[in-house]
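Encoded as structure tokens, the structure appears first; notes follow it.
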Amino acid sequence: MLIDYFVALALIPSTMQDNVAPVLDVTPHTCIQENEATRCKMEVHVSASSSAHHTLCIVLDLPKVQRECFVGNRVKTTYSLTLETTTNISLRSESGEILAQKKLTVGKLTSKNYRVRRRFGWGI
């Protein structure tokens with residue numbers, strides 16, 4: 001049974017094995033800011049790969065960093081970003097076709113004010 005599996009893999013044409021979906025990995029994908037802060041600063045590590053495309057472009061939906069293209073099937077880069085709201089980061093082909101897309105989310109850190117009870121409710 002196991003031998004049949006490996007024989008079946010060997011018979012799959014190499015063109016079908018190369019058509020693997022493009023991969024976009026973004027770490028970290030969430031930035032937490034304090035309640036009073038208006039912006040969140042973070043360093044984002046981006047790695048992407050696509051076997052079907054020779055030139056890969058990383059597009060950030062930010063006014064300062066718009067589009068950066070790389071020659072090759074694999075990309076690893078780092079961005080220092082200042083975010084105010086949730087932003088999209090996408091992997092695109094040289095022609096502009098979206099291959100993969102991820103969200104960079106911005107969350108606010110708020111502390112809940114709990115009332116501390118000092119006495120039992122039934123005491124005199």
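Overview of values
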quantity: Nearest-0.05 FRET efficiency for HIS54 and THR77, computed from C-beta distance (R0 25 Å); calculated: 0.90
quantity: Amide H within-cut-off set for GLN33, under 5 Å, with H built and near neighbours excluded; calculated: GLY107, LYS108, LEU109
quantity: In Hz, Karplus ³J(HN,Hα) per residue of region 86-96 (6.51, -1.76, 1.60; θ = phi - 60°; x = Gly, Pro); calculated: 4, 10, 9, 10, 9, 9, 10, 7, 5, 7, x
quantity: Extension gain, GLU43 back to THR86 (0.36 nm per residue minus Cα-Cα distance, nm); calculated: 14.0 nm
quantity: 5 angstrom amide H check on THR55, placed H, neighbours 5+ away; calculated: GLY72, GLU94
quantity: Förster-model FRET efficiency, 41 Å R0, GLU34 and GLU97, C-beta, rounded to 0.05; calculated: 0.60
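The numbers here are math on the coordinates, done by the rules we state, and not lab data. Since we're looking at a predicted model, the values are computed, not measured. All Cβ positions, glycine included, derive from the backbone under ideal geometry; neighbour counts span all protein chains shown.
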